[in-house]
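The values are calculated or read from the model by the stated rules, or taken from the named source; none is laboratory data. From a predicted model like this one, the values you see are computed outputs, not experimental measurements. Cβ placement follows ideal geometry from the backbone for every residue including glycine, while neighbour counts extend to all protein chains displayed. Each accessible area value is taken on the protein alone, full model and side chains, heavy atoms only, with ligands, DNA and RNA left out. Shrake-Rupley method; radii C 1.70, N 1.55, O 1.52, S 1.80 Å.
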Amino acid sequence: MARITDQDLELLSAYLDGELTAAERSALDARLQREPELRRELDTLRATVGLIRALPPLKAPRDYTLDERLIRPARLWIFPATATFSAISAAAATLLLVLGVITLLTANAPKSAPSAGAPQVAAQPTQQITPTAAAASEMLALSPALTLEAAGAAANDTTSKASATITSTDEEEQAAGGADTLRQAEPGALMLPASPQQPQEAAPSIMMESAALPTGTAEFFFGAEAPAPEGTTLSDAALAQAAQPTLTATPPPTDTATPTLTLTPTTTPTLTPTVTPTPTPAVPAGTSTIGGLMLIGGLVLLGLALATTLARGRRRP
Amino acid sequence: MVSRLENEAALIQAARRGRLEAFNVLVRHYQDGVFALAYRILGDRASADDAAQEAFITAYRSLGSYRGGSFRAWLFRIATNACYDELRRRKRRPASSFDDLPGADSDDGPALPASSPTPEQAAQQSELHRAIEQCVQALQPDQRLALILSDIEGLSYQEIADSAGVNLGTVKSRLSRARASVRACLQAVQELLPPVYRLNTNED
C-alpha cells in the first residue's frame, strides 16, 4: 500500500479546488482509479473541506461604513496623533538628545580641548608641516590661515613634493612676501620653530604620530591652547587645502625639504621658549546652553511622541 | 462567498477621489467577509470588530496604493494586517482573563443559522462548529490564513497568493497542510460528534 506523500496531499487538495492543470488532473484521475488508499485520502479531505465550508457564514455585528469623524486623523491638541507623526517625533527626539549630550560633553571637556567642529581642528596638522615649508627660516608666528601661505611659499622655494600639491590662489602673491608677511601673524597664534639642522629621522615619526592622534591631543602635544573659533580667518577653501598637506607631508627622509622640525621638547631644546600659549580661549559662548536646549527639545519631542501614541490608543473602541 | 460587485471599479475610482459614500458601498459589500476573516484569525468578536473597522479606515486611506487586480484580495490583505496588529497589541497587553482567549467557550459565537430545525440538532451542530473552529484556530498562522481565505472566504489560489503576498506554490502547500491538520484534529475529536458528522477514515 503506497504511502500518501505531501505532494500527493497537495495534488488532492488542489484537485478539490479545481486548481490542477488538465494534465495533472487526468494523471491523478488515473491514479485514483487504481489506488484505493489515495481515494480514501481524497474522500476524507473532501469531507473536511465540506465541514469547514459548511460553517455558518458570519455577519458583521454592525456597519463599518466610514464617516468624516472616522477618517479624520486623531489629534492631540494641534498635533496629528498618527503613527507617522509619533515616529518622526521619536526620531527627532533621539537625534536631539544624542546631539545635546555630545554638545554638553564637548563643552565640559578639559579646557585645552578644542570645541567640536572648530575649524582649527582640521588645520592643526598643517601647522606641523609648516616648519617644513619655512625650511630656511627662523621660528614663525603663524595663524592657521597663514600657515597655508607658508606652505605655499615653501612650494615655490623648495623642491618639496609635499608642499607642491598645494595650489594656493591668492596665497601665491603673499607667498612672495615670505617670512615678512608671516611674521605679522596675529598675536596669540601658535608659534612654531623650524630648524633644518634637526635630526631627520625624528620628523617623520612625529608627523605620523600627530596624524594618528585626535586633534585635541595634538594640541597637548604642542602645549598650546586651541585658538577660539571666534574671529578665525580660515576660509572653507583654506580648510580644504589644509587637508592636503596633511596627506602629502610624508616625503622620504632623504628629501632636502624633509620636515626637520622636531616637535617634542626633548629633541628640540629651543622649542620651549618659542611656544607661546594662547590666552585661554573662552569655550564658545553658549555651547552649554545650546546643548541644554537640545536636550530640552529632545525631551519635549519624546513626550509628544508618547502622548500622540497614547492618544491613538485611546481612540480605539 | 460574496458575489462580485458590478460597478466595483467605478466605485473605487470615486472613492479615490474622496467620495466617501462610494467607498461605503464597498464597505457594505465586503464587511461581512472582512469581519469573518478577522473573527477566524483572532477568535473573538470584540477584537474582530476592532480589526474590521480599522481595516476599512486603513483601506480608505491607502486607496492610492491599490493597483488594480482583485479588490477583495487587496482589502483582505489590509484586514489581515489589521488582525496581526491586533494580535501584537494583545501580546503586549495580555488578556486579563481566560475568557478573552480565542476559542474560549464564554465567547458568544456566531449566531446560529435560522434554519436549525430542532434544539437537539442545533446543539449538535453547534458542537460540531465549535470543534471545527477550534481545529482551525489550532493551525499555524500561515496555514490558517490560507485555509480561511480559501474555504471560508472562497478566494481563488491567485487571490490568496495576492492577499498573503506569497506565490501559488506556497498557497497550494499551505492549504493542503492546513486541511490535513484540520482533518487529523477532527478525527481526534470525532467520537464527540454524532456519527453523521464523522470522517469516514476507519471504514473498510
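In this structure, does residue B:64 turn out to be more than 17 Å from residue B:153 (Cβ to Cβ) and not assigned by TED's automatic domain parsing to the domain that holds residue B:143?
Numbers: more than 17 Å from residue B:153 (Cβ to Cβ): yes; not assigned by TED's automatic domain parsing to the domain that holds residue B:143: yes.
When the stated conditions are applied, residue B:64 passes them.
If residue B:90 satisfies every condition in (1) surrounded by 16 or more Cβ atoms within 10 Å (Cβ to Cβ); (2) within 15 Å of the chain's Cα centre (by Cα) but one, which is the exception?
Going through (1) surrounded by 16 or more Cβ atoms within 10 Å (Cβ to Cβ); (2) within 15 Å of the chain's Cα centre (by Cα) one by one, residue B:90 breaks only (2).
Before we move on, is residue A:44 under 30 Å from residue B:30 (Cα atoms), open to solvent by less than 40 Å² (accessible area, probe 1.4 Å) and within 11 Å of chain B (Cβ to nearest Cβ)? Please lay out each step first, then the result.
Values: under 30 Å from residue B:30 (Cα atoms): no; open to solvent by less than 40 Å² (accessible area, probe 1.4 Å): yes; within 11 Å of chain B (Cβ to nearest Cβ): yes.
For residue A:44, the condition - under 30 Å from residue B:30 (Cα atoms), open to solvent by less than 40 Å² (accessible area, probe 1.4 Å) and within 11 Å of chain B (Cβ to nearest Cβ) - is not met.
Checking the conditions here, which among A:24, A:68, A:37 is open to solvent by 40 Å² or more (accessible area, probe 1.4 Å), more than 7 Å from chain B (Cβ to nearest Cβ) and under 30 Å from residue B:22 (Cβ atoms)?
Working: A:24 fails: under 30 Å from residue B:22 (Cβ atoms); A:37 fails: under 30 Å from residue B:22 (Cβ atoms).
Being open to solvent by 40 Å² or more (accessible area, probe 1.4 Å), more than 7 Å from chain B (Cβ to nearest Cβ) and under 30 Å from residue B:22 (Cβ atoms) holds for just one of A:24, A:68, A:37, which is A:68.
Are any residues in region B:47-61 farther than 16 Å from residue B:22 by Cβ and either more than 9 Å from chain A (Cβ to nearest Cβ) or not in a helix (DSSP H, G or I) (or both), and if so, which ones?
Those that are farther than 16 Å from residue B:22 by Cβ and either more than 9 Å from chain A (Cβ to nearest Cβ) or not in a helix (DSSP H, G or I) (or both): B:47, B:51, B:58.
Kindly provide the set of residues from region B:41-81 that are touching an Asp or Glu at 6+ places or on another chain (Cβ under 8 Å) and either open to solvent by less than 10 Å² (accessible area, probe 1.4 Å) or of a type in the set (D, E, K, R) (or both), ordered by number.
B:42, B:43, B:44, B:45, B:50, B:51, B:54, B:71, B:72, B:73, B:76, B:77, listed by residue number.
Looking at (1) more than 7 Å from every other protein chain (Cβ to nearest Cβ); (2) modelled with pLDDT of 95 or more, which is the only condition residue A:13 fails?
(1)
From the list B:190, B:134, B:125, B:143, pick out the single residue that is of a type in the set (S, T, N, Q), over 17 Å from the mean Cα position of the chain (by Cα) and either more than 10 Å from chain A (Cβ to nearest Cβ) or outside any helix (DSSP H, G or I) (or both). Before the answer, list the steps.
On the way: B:134 fails: over 17 Å from the mean Cα position of the chain (by Cα); B:125 fails: either more than 10 Å from chain A (Cβ to nearest Cβ) or outside any helix (DSSP H, G or I) (or both); B:143 fails: over 17 Å from the mean Cα position of the chain (by Cα).
Exactly one of B:190, B:134, B:125, B:143 is of a type in the set (S, T, N, Q), over 17 Å from the mean Cα position of the chain (by Cα) and either more than 10 Å from chain A (Cβ to nearest Cβ) or outside any helix (DSSP H, G or I) (or both), namely B:190.
Which one of A:80, A:61 is within 29 Å of residue B:30 (Cβ to Cβ) and open to solvent by less than 60 Å² (accessible area, probe 1.4 Å)?
Details: A:61 fails: open to solvent by less than 60 Å² (accessible area, probe 1.4 Å).
It is A:80.
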